[in-house]
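Before any comments, here is the structure.
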Amino acid sequence: MKNTKYQSEATQFINTLLNKPGNHEHQMELRNTWWDKEFIDLEEQKSYAESEVKNDGYVYFSYDTKA
């Protein structure tokens with residue numbers, strides 16, 4: 001028979017952390033900081049792609065074309 005009333009210390013810690021008042025609002029605020037961004041419109045994406053500077057394949061060595 002399984003003991004369903006047992007909770008490990010880690011589970012108890014997580015439950016008390018999640019049940020603190022204001023914790024959910026704080027999590028959503030931090031999530032909004034990093035993840036919930038508005039999408040860039042197509043015109044802005046196009047101008048960004050066109051303005052990107054193309055670099056050579058190997059930037060640490062260049063062939064001398066004057067020789």
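Bear in mind that the values in this text are calculations on the coordinates, not laboratory data. In this text the structure is predicted, and so the values were computed from the model without any measurement. Because the Cβ atoms are built from the backbone with ideal geometry, glycine has one as well, and the counts that use them run over all protein chains shown.
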Full extension from residue 44 to residue 60: what is 0.36 nm times the residue separation minus their Cα-Cα distance, to one decimal in nm?
2.6 nm
Taking R0 as 30 Å, what's the FRET efficiency between residue 7 and residue 33 from their Cβ-Cβ distance, rounded to 0.05?
0.40
Once you put a point 7 Å from the Cα of residue 52 and another 7 Å from the Cα of residue 23, both along the Cβ direction, what distance in nm separates them?
4.2
